[in-house]
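A short worksheet on the structure shown next.
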Amino acid sequence: MANTVLHKAATRGHANHGWLDSYHSFSFANYYNPERIHFGALRVLNDDTVAEARGFGKHPHDNMEIISIPLEGDLQHEDSMGNVAVIKKGDIQAMSAGTGIFHSEFNKNKNAAVKFLQIWIFPNKRNVEPRYSQVTLNAEDRHNKLQQVLSPNENEGGVWIHQDAWFSMGKFDTNFSTEYTLHKNTNGVYAFVLNGDVTIDGQQLNNRDGFGIWNTSKISITANSQDAELLLMEVPMNL
Amino acid sequence: MQKIQILVVCNHEEILQTILRLINSNKDWEAIGTNADERAVELFHQHHFDLVLLGSGISDESENKLKKIFQHQNPQIKIIQHFGGGSGLLSNEIYAALSNNESGNFNVIDNPFN
(Lines give C-alpha, C1' and ligand atoms only; values in the text may rest on other atoms or scores of the structure.)
Protein backbone atom coordinates (compact mmCIF):
# COMPACT_ATOMS: atom_id res chain seq x y z
CA MET A 1 0.00 0.00 0.00
CA ALA A 2 1.21 3.48 -0.85
CA ASN A 3 2.62 5.81 1.79
CA THR A 4 1.68 9.45 1.71
CA VAL A 5 2.57 12.75 3.34
CA LEU A 6 0.45 15.88 3.09
CA HIS A 7 1.85 19.40 3.43
CA LYS A 8 -0.98 21.92 3.33
CA ALA A 9 0.07 25.28 1.92
CA ALA A 10 -0.60 27.17 5.15
CA THR A 11 1.68 24.87 7.14
CA ARG A 12 4.79 25.72 5.13
CA GLY A 13 7.62 27.73 6.61
CA HIS A 14 7.38 31.42 5.77
CA ALA A 15 9.91 34.24 5.72
CA ASN A 16 9.14 37.75 4.54
CA HIS A 17 12.27 39.85 4.20
CA GLY A 18 10.53 42.66 2.34
CA TRP A 19 12.44 42.18 -0.88
CA LEU A 20 11.90 38.40 -0.64
CA ASP A 21 8.70 36.65 0.38
CA SER A 22 9.42 32.93 0.59
CA TYR A 23 7.41 29.86 1.53
CA HIS A 24 9.41 26.75 2.38
CA SER A 25 7.88 23.28 1.94
CA PHE A 26 10.96 21.84 3.65
CA SER A 27 13.30 23.14 6.34
CA PHE A 28 15.35 26.01 4.98
CA ALA A 29 17.31 28.91 6.46
CA ASN A 30 15.65 29.88 9.74
CA TYR A 31 12.71 27.54 9.21
CA TYR A 32 13.62 24.26 10.87
CA ASN A 33 11.07 21.48 11.24
CA PRO A 34 12.62 18.05 11.90
CA GLU A 35 9.50 16.44 10.41
CA ARG A 36 10.06 18.28 7.15
CA ILE A 37 13.66 17.94 6.13
CA HIS A 38 13.29 16.29 2.74
CA PHE A 39 11.20 14.01 0.58
CA GLY A 40 13.71 11.46 -0.66
CA ALA A 41 16.23 13.32 -2.81
CA LEU A 42 14.04 16.44 -2.83
CA ARG A 43 15.59 18.73 -0.23
CA VAL A 44 14.33 22.23 -1.01
CA LEU A 45 11.07 23.51 -2.46
CA ASN A 46 10.88 27.26 -2.03
CA ASP A 47 8.03 29.32 -3.42
CA ASP A 48 9.69 32.73 -3.81
CA THR A 49 8.46 36.20 -4.69
CA VAL A 50 11.25 38.73 -5.29
CA ALA A 51 10.47 42.46 -5.37
CA GLU A 52 11.19 44.72 -8.32
CA ALA A 53 14.90 45.00 -9.23
CA ARG A 54 15.91 43.04 -6.12
CA GLY A 55 17.40 39.61 -5.74
CA PHE A 56 19.94 37.20 -4.32
CA GLY A 57 23.48 38.59 -4.49
CA LYS A 58 26.50 36.46 -5.32
CA HIS A 59 26.42 33.33 -3.16
CA PRO A 60 27.89 29.82 -3.34
CA HIS A 61 26.49 26.36 -3.89
CA ASP A 62 28.08 22.94 -4.07
CA ASN A 63 26.97 19.35 -4.58
CA MET A 64 23.36 20.13 -5.29
CA GLU A 65 21.15 20.00 -8.37
CA ILE A 66 19.32 23.33 -8.43
CA ILE A 67 16.22 23.83 -10.53
CA SER A 68 14.43 27.15 -11.00
CA ILE A 69 10.96 27.41 -12.50
CA PRO A 70 9.68 30.98 -13.07
CA LEU A 71 5.95 31.38 -12.53
CA GLU A 72 5.66 35.12 -13.24
CA GLY A 73 8.16 37.73 -14.43
CA ASP A 74 11.80 37.53 -15.50
CA LEU A 75 14.73 36.33 -13.42
CA GLN A 76 18.27 37.31 -14.33
CA HIS A 77 20.96 34.74 -13.59
CA GLU A 78 24.75 35.20 -13.55
CA ASP A 79 27.30 32.63 -12.40
CA SER A 80 30.99 31.96 -11.97
CA MET A 81 30.97 29.76 -15.09
CA GLY A 82 30.34 32.89 -17.14
CA ASN A 83 26.68 32.29 -17.83
CA VAL A 84 24.40 35.33 -18.03
CA ALA A 85 20.80 34.49 -18.77
CA VAL A 86 17.24 35.58 -18.22
CA ILE A 87 14.64 32.96 -17.44
CA LYS A 88 10.94 33.68 -17.77
CA LYS A 89 7.64 31.87 -17.38
CA GLY A 90 7.75 28.78 -19.58
CA ASP A 91 11.48 28.27 -19.05
CA ILE A 92 13.14 25.82 -16.71
CA GLN A 93 16.71 26.19 -15.50
CA ALA A 94 18.95 23.48 -14.05
CA MET A 95 22.34 23.91 -12.48
CA SER A 96 24.66 21.21 -11.18
CA ALA A 97 26.66 22.92 -8.44
CA GLY A 98 29.13 20.02 -8.17
CA THR A 99 32.55 21.10 -6.94
CA GLY A 100 31.28 24.61 -6.30
CA ILE A 101 29.92 27.67 -8.06
CA PHE A 102 28.90 31.21 -7.22
CA HIS A 103 25.83 32.78 -8.72
CA SER A 104 23.36 35.62 -8.37
CA GLU A 105 19.69 35.87 -9.23
CA PHE A 106 17.85 39.14 -9.68
CA ASN A 107 14.41 40.27 -10.68
CA LYS A 108 15.03 41.88 -14.06
CA ASN A 109 11.79 43.84 -13.92
CA LYS A 110 11.78 47.36 -12.52
CA ASN A 111 8.04 47.47 -11.93
CA ALA A 112 6.79 43.96 -11.13
CA ALA A 113 7.66 41.17 -8.74
CA VAL A 114 9.05 37.90 -10.03
CA LYS A 115 7.65 34.62 -8.70
CA PHE A 116 9.56 31.39 -9.07
CA LEU A 117 10.10 27.96 -7.56
CA GLN A 118 13.53 27.10 -6.30
CA ILE A 119 14.04 23.34 -6.06
CA TRP A 120 17.14 21.56 -4.78
CA ILE A 121 17.76 17.86 -5.36
CA PHE A 122 20.57 15.85 -3.80
CA PRO A 123 22.75 14.61 -6.67
CA ASN A 124 23.61 10.96 -7.28
CA LYS A 125 27.27 11.89 -7.90
CA ARG A 126 29.41 14.11 -5.77
CA ASN A 127 31.90 16.71 -6.98
CA VAL A 128 30.79 16.73 -10.60
CA GLU A 129 31.90 19.51 -12.90
CA PRO A 130 29.53 22.48 -12.48
CA ARG A 131 27.01 22.79 -15.29
CA TYR A 132 24.25 25.18 -16.34
CA SER A 133 21.34 24.66 -18.69
CA GLN A 134 17.98 26.17 -19.49
CA VAL A 135 15.23 25.31 -21.92
CA THR A 136 12.06 27.02 -23.08
CA LEU A 137 9.04 24.77 -23.05
CA ASN A 138 5.86 25.11 -25.03
CA ALA A 139 3.10 25.64 -22.46
CA GLU A 140 0.54 24.27 -24.94
CA ASP A 141 2.20 20.88 -24.61
CA ARG A 142 0.94 20.56 -21.04
CA HIS A 143 -2.73 21.38 -21.67
CA ASN A 144 -4.65 18.34 -20.43
CA LYS A 145 -1.50 16.26 -20.38
CA LEU A 146 1.66 15.89 -18.36
CA GLN A 147 4.67 17.49 -19.99
CA GLN A 148 8.07 16.17 -18.91
CA VAL A 149 10.29 19.10 -17.96
CA LEU A 150 13.25 17.32 -16.31
CA SER A 151 14.91 13.92 -16.42
CA PRO A 152 18.29 12.22 -15.79
CA ASN A 153 18.90 11.95 -19.53
CA GLU A 154 20.27 14.62 -21.81
CA ASN A 155 18.15 13.57 -24.76
CA GLU A 156 14.78 13.37 -23.03
CA GLY A 157 12.32 16.24 -22.63
CA GLY A 158 13.31 19.33 -20.64
CA VAL A 159 16.52 19.82 -18.68
CA TRP A 160 18.59 17.00 -17.17
CA ILE A 161 20.26 16.59 -13.79
CA HIS A 162 22.58 14.20 -11.97
CA GLN A 163 19.81 12.21 -10.31
CA ASP A 164 17.20 9.59 -11.23
CA ALA A 165 14.48 12.23 -11.10
CA TRP A 166 11.71 13.16 -13.51
CA PHE A 167 9.58 16.30 -13.30
CA SER A 168 6.35 16.88 -15.17
CA MET A 169 3.93 19.78 -15.38
CA GLY A 170 0.28 19.86 -16.41
CA LYS A 171 -2.50 22.38 -16.84
CA PHE A 172 -5.95 20.82 -16.76
CA ASP A 173 -9.57 21.62 -17.51
CA THR A 174 -12.15 20.90 -14.81
CA ASN A 175 -12.84 17.17 -14.37
CA PHE A 176 -9.91 16.17 -16.58
CA SER A 177 -8.32 12.97 -15.26
CA THR A 178 -5.03 11.32 -16.00
CA GLU A 179 -2.51 8.94 -14.50
CA TYR A 180 1.19 9.20 -13.85
CA THR A 181 3.33 6.06 -13.94
CA LEU A 182 6.56 6.16 -11.99
CA HIS A 183 9.81 5.40 -13.83
CA LYS A 184 11.32 3.44 -10.93
CA ASN A 185 9.67 1.53 -8.12
CA THR A 186 12.16 2.92 -5.60
CA ASN A 187 11.05 6.46 -6.45
CA GLY A 188 8.27 8.54 -4.94
CA VAL A 189 6.34 11.51 -6.30
CA TYR A 190 5.96 14.87 -4.62
CA ALA A 191 3.05 16.77 -6.18
CA PHE A 192 2.87 20.55 -5.79
CA VAL A 193 -0.26 22.43 -6.83
CA LEU A 194 0.65 25.57 -8.76
CA ASN A 195 -2.93 26.71 -9.29
CA GLY A 196 -6.46 25.61 -8.48
CA ASP A 197 -7.67 22.34 -7.00
CA VAL A 198 -6.85 18.73 -7.83
CA THR A 199 -7.40 15.30 -6.33
CA ILE A 200 -4.52 12.82 -6.30
CA ASP A 201 -5.23 9.24 -5.25
CA GLY A 202 -8.30 10.46 -3.35
CA GLN A 203 -6.52 13.32 -1.57
CA GLN A 204 -8.02 16.74 -2.29
CA LEU A 205 -5.40 19.40 -2.79
CA ASN A 206 -5.62 23.15 -3.17
CA ASN A 207 -3.34 25.90 -4.40
CA ARG A 208 0.27 25.42 -3.16
CA ASP A 209 -0.46 22.20 -1.23
CA GLY A 210 2.22 19.52 -1.40
CA PHE A 211 1.51 15.78 -1.39
CA GLY A 212 4.16 13.06 -1.34
CA ILE A 213 3.39 9.47 -2.39
CA TRP A 214 5.73 6.48 -2.40
CA ASN A 215 5.58 2.70 -2.48
CA THR A 216 3.33 2.88 -5.48
CA SER A 217 3.78 2.45 -9.23
CA LYS A 218 1.20 4.95 -10.45
CA ILE A 219 -0.97 7.80 -9.25
CA SER A 220 -4.32 9.11 -10.46
CA ILE A 221 -4.96 12.82 -10.91
CA THR A 222 -8.24 14.69 -11.37
CA ALA A 223 -8.63 18.44 -11.80
CA ASN A 224 -11.36 19.99 -9.67
CA SER A 225 -11.10 23.50 -11.12
CA GLN A 226 -10.50 25.09 -14.49
CA ASP A 227 -6.82 25.63 -15.36
CA ALA A 228 -5.60 23.59 -12.41
CA GLU A 229 -1.81 23.45 -12.63
CA LEU A 230 0.40 20.80 -11.13
CA LEU A 231 4.10 20.06 -10.81
CA LEU A 232 5.06 16.42 -10.22
CA MET A 233 8.55 15.69 -8.90
CA GLU A 234 9.53 12.02 -9.06
CA VAL A 235 12.66 11.43 -7.00
CA PRO A 236 14.52 8.50 -5.42
CA MET A 237 13.32 7.78 -1.90
CA ASN A 238 16.48 5.93 -0.88
CA LEU A 239 19.57 8.04 -0.89
CA MET B 1 26.81 29.75 27.52
CA GLN B 2 29.72 28.06 25.83
CA LYS B 3 29.65 28.33 22.07
CA ILE B 4 29.32 25.24 19.89
CA GLN B 5 32.73 24.68 18.31
CA ILE B 6 32.70 23.72 14.64
CA LEU B 7 35.51 22.66 12.32
CA VAL B 8 34.87 23.23 8.62
CA VAL B 9 36.87 21.37 5.99
CA CYS B 10 36.24 22.55 2.45
CA ASN B 11 38.50 22.56 -0.61
CA HIS B 12 36.89 25.59 -2.22
CA GLU B 13 38.49 28.58 -0.51
CA GLU B 14 35.77 31.11 -1.36
CA ILE B 15 33.02 28.77 -0.22
CA LEU B 16 34.98 27.99 2.95
CA GLN B 17 35.16 31.69 3.81
CA THR B 18 31.42 32.09 3.19
CA ILE B 19 30.61 29.12 5.41
CA LEU B 20 32.84 30.44 8.21
CA ARG B 21 31.29 33.91 7.96
CA LEU B 22 27.77 32.49 8.14
CA ILE B 23 28.50 30.17 11.06
CA ASN B 24 30.30 32.86 13.02
CA SER B 25 27.39 35.25 12.54
CA ASN B 26 25.42 32.98 14.90
CA LYS B 27 26.17 34.06 18.48
CA ASP B 28 26.02 30.48 19.74
CA TRP B 29 28.47 29.02 17.22
CA GLU B 30 32.16 29.43 16.57
CA ALA B 31 33.93 27.97 13.56
CA ILE B 32 37.40 27.72 12.15
CA GLY B 33 38.26 26.00 8.91
CA THR B 34 40.80 24.87 6.42
CA ASN B 35 41.05 23.63 2.87
CA ALA B 36 43.83 21.11 3.63
CA ASP B 37 43.48 17.65 5.18
CA GLU B 38 46.72 17.89 7.16
CA ARG B 39 45.75 21.25 8.65
CA ALA B 40 42.31 19.83 9.53
CA VAL B 41 43.95 17.01 11.48
CA GLU B 42 46.25 19.50 13.18
CA LEU B 43 43.34 21.74 14.19
CA PHE B 44 41.38 18.75 15.46
CA HIS B 45 44.28 17.79 17.71
CA GLN B 46 44.73 21.33 18.99
CA HIS B 47 41.09 22.29 19.71
CA HIS B 48 37.92 20.81 21.05
CA PHE B 49 35.14 20.57 18.45
CA ASP B 50 31.50 19.56 18.83
CA LEU B 51 30.90 19.18 15.14
CA VAL B 52 32.84 18.75 11.91
CA LEU B 53 31.36 20.00 8.65
CA LEU B 54 32.77 18.54 5.44
CA GLY B 55 32.09 20.83 2.52
CA SER B 56 32.67 21.01 -1.19
CA GLY B 57 35.44 19.32 -3.08
CA ILE B 58 36.40 16.78 -0.41
CA SER B 59 37.24 13.50 -2.10
CA ASP B 60 35.85 10.23 -0.79
CA GLU B 61 39.38 9.21 0.14
CA SER B 62 39.96 12.37 2.18
CA GLU B 63 36.55 12.14 3.77
CA ASN B 64 37.10 8.56 4.90
CA LYS B 65 40.59 9.32 6.15
CA LEU B 66 39.47 12.38 8.11
CA LYS B 67 36.48 10.59 9.58
CA LYS B 68 38.69 7.75 10.81
CA ILE B 69 41.19 10.11 12.40
CA PHE B 70 38.56 12.34 14.02
CA GLN B 71 36.48 9.44 15.33
CA HIS B 72 39.57 7.70 16.67
CA GLN B 73 40.43 10.79 18.69
CA ASN B 74 36.85 11.57 19.70
CA PRO B 75 34.35 8.73 19.15
CA GLN B 76 31.47 11.12 20.03
CA ILE B 77 32.32 13.66 17.37
CA LYS B 78 29.48 14.38 14.96
CA ILE B 79 30.64 14.62 11.36
CA ILE B 80 28.24 15.81 8.70
CA GLN B 81 28.36 16.55 5.00
CA HIS B 82 27.42 20.10 4.17
CA PHE B 83 25.45 20.59 0.98
CA GLY B 84 24.61 23.79 -0.78
CA GLY B 85 27.82 25.69 -0.15
CA GLY B 86 26.95 27.94 2.74
CA SER B 87 23.45 28.80 1.66
CA GLY B 88 20.02 28.10 3.12
CA LEU B 89 20.81 24.61 4.36
CA LEU B 90 23.77 25.44 6.56
CA SER B 91 21.93 26.39 9.75
CA ASN B 92 19.49 23.55 9.24
CA GLU B 93 22.26 20.98 8.96
CA ILE B 94 23.90 22.23 12.13
CA TYR B 95 20.63 22.36 14.09
CA ALA B 96 19.76 18.88 12.89
CA ALA B 97 23.17 17.46 13.78
CA LEU B 98 23.08 19.01 17.23
CA SER B 99 19.56 17.79 17.95
CA ASN B 100 20.58 14.32 16.77
CA ASN B 101 23.37 14.36 19.28
CA GLU B 102 20.95 15.21 22.05
CA SER B 103 18.12 12.86 21.19
CA GLY B 104 19.91 10.02 19.49
CA ASN B 105 17.29 10.10 16.74
CA PHE B 106 18.90 10.23 13.33
CA ASN B 107 16.03 11.43 11.24
CA VAL B 108 18.05 13.51 8.82
CA ILE B 109 20.70 12.69 6.33
CA ASP B 110 24.25 12.40 7.59
CA ASN B 111 25.52 11.65 4.14
CA PRO B 112 22.99 10.86 1.43
CA PHE B 113 25.67 9.23 -0.69
CA ASN B 114 26.33 6.43 1.77
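The values are calculated or read from the model by the stated rules, or taken from the named source; none is laboratory data. No experiment lies behind these values; they were computed from the predicted model shown. So basically every Cβ, Gly included, is an ideal-geometry build from the backbone, and we count neighbours across all protein chains shown. For the accessible areas, the whole protein counts, side chains as well, though only heavy atoms, and no ligand, DNA or RNA atoms are used. Shrake-Rupley method; radii C 1.70, N 1.55, O 1.52, S 1.80 Å.
Laid out as a table, the results:
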item	result
Within a Gaussian network of chain A (alpha carbon springs, distance under 10 Å), most fluctuating of A:Lys110, A:Lys89, A:Lys184	A:Lys110
Label-point separation, A:Asn175 to B:Lys3 (7 Å along Cα→Cβ), nm	6.5 nm
Dipole-positive endmost among A:Pro130, A:Ile66, A:Gly13 within chain A (Cβ charges, Cα centre)	A:Gly13
Which of A:Arg43, A:Arg208 is most accessible, then next, and so on - probe 1.4 Å	A:Arg208, A:Arg43
Potential lengthening between A:Ala51 and A:Asn30 on full extension [0.36 nm per residue; Cα-Cα distance subtracted]	5.5 nm
Accessible surface of region A:12-136 [probe 1.4 Å, protein heavy atoms]: carbon and sulfur percent	47 percent
Residue-normalised accessible area of chain A, expressed per residue, 1.4 Å probe, Å²	40 Å²
Cα-based shape type of chain A, given that a ≥ b ≥ c are square roots of the gyration tensor eigenvalues and the cut on a/c is 1.5	rounded
Distance in nm between pseudo-label sites at A:Ala112 and A:Val5 (7 Å out along the Cβ direction from Cα)	3.5 nm
Cβ neighbours within 10 Å from other chains - mean over A:33-41	3
Amide H contacts under 5 Å for A:Ile161, placed H, 5+ residues apart	A:Ser151, A:Asn153
Accessible surface, 1.4 Å probe, highest first, among residues A:Ser22, B:Ser91	B:Ser91, A:Ser22
Pairwise burial A:B, computed as accessible area of each alone minus the pair, summed, 1.4 Å, Å²	2300 Å²
Two-site FRET efficiency, A:Ser220 against A:Thr136, from Cβ-Cβ distance with R₀ of 22 Å, rounded to 0.05	0.15
Residue-averaged beta-carbon neighbours from other chains (10 angstrom radius) around A:60-68	6
FRET efficiency estimate (nearest 0.05) - Cβ-Cβ, A:Trp19 to A:Val84, R0 25 angstrom	0.70
